[in-house]
Ligand code: AP5
């Protein structure tokens, strides 16, 4: 039996041979049947069946190589960014969001801490800046985050990007890759509260759980005894981190102002989460309505 994917490829001219061809897809398309009417039909068919045609993974000889089932296409998944001053509760809220919405949590700070702990060359360089409360160089951070975002689990389950972008250049790097969030959450916390949160924060190295000596104390003595403190969690260092935050935050907000929701982060964590939850539900509702109106359009024209 002739494979539709192969037929389409056989009929196709390489994209480079057809410079006038355009693609509305934000995904990179390498070669492939952009000029073939058969391929256009194939794209339409795959799209209406909820499939994604992966020309960047060119089919070798069979339909199944070229098509991959799109996991819950954009309807039940979300692409979210969360930003705030240091120690304002991003990690705490991300855990709650992840538990409810199943998003892949990608924290720039955690990726960097992992490099530091592994003693890699990137980690050594990163630590120099982290100790000074400065932003780690884009050449380290941008690729690290980009590679994580493009992994399959993030594409399929949606993502929650924590602590990135922190500068205009980082935001622009994502925009240039066609990576756009659906909501930008800004946690707003008073500075005196931030300092209290930072100095009281502790981490359980066994479970990865974040504690606070006053607000979320460890449940039992055994956990209390093994808690660790981050090297940049001192009052002196948080002031430097805050300074860096203030220097960059406005530029980042400028990129996402149409999709920003500002949340009062001074409240207890459950209340903060309730506000975030409402905002996320609204995004899902909106997507669901948009999808049903486009389905109505599709069935009325076909
Ligand atoms: P990163 O690790 O991201 O640090 P941060 O932004 O300073 O944020 P934190 O992780 O300190 O805090 P959080 O907001 O997650 O708060 P948490 O939930 O833990 O970055 C570290 C460094 O890496 C940077 O300084 C920079 O050098 C580098 N870096 C990172 N990203 C980069 C990038 N994109 N580009 C370049 N460099 C980058 O909460 C804090 C404490 O408060 C906890 O103890 C918690 O239990 C408690 N708490 C939380 N919420 C509440 C609440 N509502 N009520 C009471 N207590 C609460």
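Observations
- Within the stretch 261-276, the set of residues being buried (at least 18 other Cβ atoms within 10 Å of the Cβ) and near the ligand (Cβ under 10 Å from one of its atoms) comprises 265, 272, 273.
- Selected residue [in a helix (DSSP H, G or I) and near the ligand (Cβ under 8 Å from one of its atoms)] from 141, 172: 141
- Under the condition of being over 11 Å from residue 106 (Cα atoms) and within 11 Å of the ligand (Cβ to nearest atom), the residues counted in the stretch 156-169 number 4.
- Number of the condition not met by residue 233 [criteria: (1) in contact with a strand residue (DSSP E or B) (Cβ under 8 Å, 6 or more places away or on another chain); (2) within 14 Å of the ligand (Cβ to nearest atom); (3) assigned to a helix (DSSP H, G or I); (4) more than 22 Å from residue 104 (Cα to Cα)]: (3)
- Annotation note: of 118, 126, 58, the sole residue that is modelled with pLDDT of 95 or more, more than 12 Å from the chain's Cα centre (by Cα) and surrounded by fewer than 19 Cβ atoms within 10 Å (Cβ to Cβ) is 118.
- Each residue in the stretch 112-125 was checked for being more than 10 Å from the ligand (Cβ to nearest atom) and touching a residue at least 12 places away in the same chain (Cβ under 8 Å), and 3 of them qualify.
- Members of the stretch 228-242 found to be surrounded by fewer than 13 Cβ atoms within 10 Å (Cβ to Cβ) and modelled with pLDDT under 95, listed by number: 231, 235, 236
- Among the residues of the stretch 231-249, just one is in contact with a helix residue (DSSP H, G or I) (Cβ under 9 Å, 6 or more places away or on another chain) and without any contact (Cβ under 8 Å) to a residue 40 or more places away in the chain, namely 234.
- Some residue of the stretch 196-219 being away from the ligand (no atom under 12 Å from the Cβ), within 19 Å of residue 266 (Cβ to Cβ), out of contact with any strand residue (DSSP E or B) (no Cβ under 8 Å at 6 or more places or on another chain) and not in a strand (DSSP E or B): no
- Flag for residue 181 being modelled with pLDDT of 95 or more, touching a strand residue (DSSP E or B) at 6+ places or on another chain (Cβ under 8 Å) and over 22 Å from residue 112 (Cα atoms): no
Let's see how each residue does on (1) within 12 Å of the ligand (Cβ to nearest atom); (2) more than 24 Å from residue 250 (Cβ to Cβ):
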{"position": "110", "(1), (2)": "yes, yes"}
{"position": "127", "(1), (2)": "yes, yes"}
{"position": "133", "(1), (2)": "yes, no"}
{"position": "150", "(1), (2)": "no, yes"}
{"position": "154", "(1), (2)": "no, yes"}
{"position": "183", "(1), (2)": "no, no"}
{"position": "192", "(1), (2)": "no, no"}
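- Any hit, the stretch 146-166, residues being free of Cβ contacts under 8 Å to residues at least 40 places away in the same chain, surrounded by 13 or more Cβ atoms within 10 Å (Cβ to Cβ) and either in contact with a strand residue (DSSP E or B) (Cβ under 8 Å, 6 or more places away or on another chain) or not in a loop (DSSP other than H, G, I, E, B) (or both): yes
- Considering (1) within 17 Å of residue 77 (Cβ to Cβ); (2) out of contact with any strand residue (DSSP E or B) (no Cβ under 7 Å at 6 or more places or on another chain); (3) modelled with pLDDT of 95 or more, the lone condition that residue 276 does not fulfil carries the number (2).
- Some residue of the stretch 76-83 being modelled with pLDDT under 95 and more than 13 Å from the chain's Cα centre (by Cα): yes
The values are calculated or read from the model by the stated rules, or taken from the named source; none is laboratory data. Owing to the predicted nature of the structure, the values given are computational and were not obtained by experimental measurement. Don't worry about glycine lacking a Cβ; one is built from the backbone with ideal geometry, like all the others, and counts go over all protein chains shown.
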